[in-house]
Amino acid sequence: MPNATEIAPNRFKQGLTGGAVQYGLWLSLADPVAAEIAAGAGFDWLTIDQEHAPNDVRTTLAQLQAVAAYPVEPIIRPLRSERSLLKQAMDLGARTILAPMVDTAEHAAEMAAAVRYPPTGVRGVASARAARWGRATNHWERADAEACLIVQIESTAALDALDEIAAVDGVDALFVGPSDLGAALGHLGQADHPEVRAAVVEAIGAIRAAGKPAGVLATTPERVEEYVAAGATFVGVGVDTMVLARATSDLAGRWTGPEVGSDG
């Protein structure tokens, strides 16, 4: 049995420097039972989304508790990339933060400082859940090393500043958001548009050329394969709400379609 007073290594962060692609799922249902079901599926990581889902502090905490028994790394995407929100997310026990809408190197540096304690950073000090309520014997020693910051590239401004953002010390990886990037390029709701796909592939290549791991959200097998081939090393392959919507529509369609019960 693992030592309950020691913080385990961040497997996701360790995997960023390995050769294997790490696959994950977005959690937007804001429900601990759904999170636990996803945690047992075999994904490498799960992102608890506060930006585009009805997740607050309590639902986030409940999901962190629900997935804690499984070999999957939870990631929190806060409502916005703000120091106080990152501090709160990390005090809840997340070691990996996905910071949305980071458009400049200065903002990236601010977020890198927010996830690390002084003197390296500016993270507030508290014996919260992250420190096992003060029982974790190695928390203060290991916290900064296990902290992992991913910044999202999802605007034309971020694309223009990509090299500078990637060069920021403390930015562990960059994640390309096709939907917001597509909207910025004039293709709202068309993440599969050829221009958007080309921009995503180019961004992944630039991130890798800068020496940082690249991530992306791709919800079809074709896009997953395309972006992995381009160099993505961690890929979100689905969103729980979309998985449920698709599965329930397919099931309902099977039994409520026009052919069901017909004599023809």
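Within 10 Å, at most 16 other Cβ atoms, and a DSSP state outside H, G, I, E, B define an exposed site. Report the longest part of the chain free of exposed trypsin sites (Lys or Arg not before Pro).
The longest such stretch corresponds to 136-264.
Toward the positive end of the charge dipole of the stretch 76-206, about the Cα centre and with charges on Cβ (Lys, Arg +1; Asp, Glu -1), which of G205, I76, V151 goes farthest?
Final value for the positive-end residue is I76.
Distance between the C-alpha centers of the stretch 65-95 and the stretch 122-153? Whole Å please.
Centre-to-centre distance over Cα atoms comes out at 10 Å.
For a distance above 20 Å, tell me the whole-number percent of Cα pairs in the stretch 1-141 that qualify.
48 percent
Considering only the other residues whose Cβ falls under 14 Å of the Cβ of A232, what net charge follows from Lys and Arg at +1 and Asp and Glu at -1?
Value of the local net charge: -1.
Distance from a point 7 Å along Cα→Cβ of M242 to each backbone N in the stretch 171-198: keep the residues under 18 Å and list them by number.
Within reach of a label on M242, which here means backbone N under 18 Å from a point 7 Å along Cα→Cβ, the stretch 171-198 contributes 175-185, 187-198.
GNM on the chain, C-alpha springs below 10 Å: top fluctuator among V171, V243, V196?
Highest fluctuation of the listed residues: V243.
Subtract the Cα-Cα distance of L251 and R58 from 0.36 nm times their separation in residues, and report this length gain in nm to one decimal.
Stretched out fully, the L251 to R58 stretch lengthens by 66.3 nm.
Placing +1 at every Lys and Arg Cβ and -1 at every Asp and Glu Cβ, with all other atoms neutral, what dipole size does the chain have around its Cα centre, in debye to the nearest 20?
My answer is approximately 980 debye.
Extent of the stretch 139-264 along each principal axis, from alpha carbon coordinates, in Å, largest to smallest?
The principal-axis extents, from largest down, are 68, 41, 23 Å.
Using a Förster distance of 22 Å, how high is the FRET efficiency between T17 and D192, based on the Cβ-Cβ distance and rounded to 0.05?
Here the calculated transfer efficiency is 0.15.
FYI, it's all coordinate maths here, none of it is from the lab. In this text the structure is predicted, and so the values were computed from the model without any measurement. No Cβ is skipped: glycine too gets one built from the backbone with ideal geometry, and neighbour counts run over all protein chains shown.
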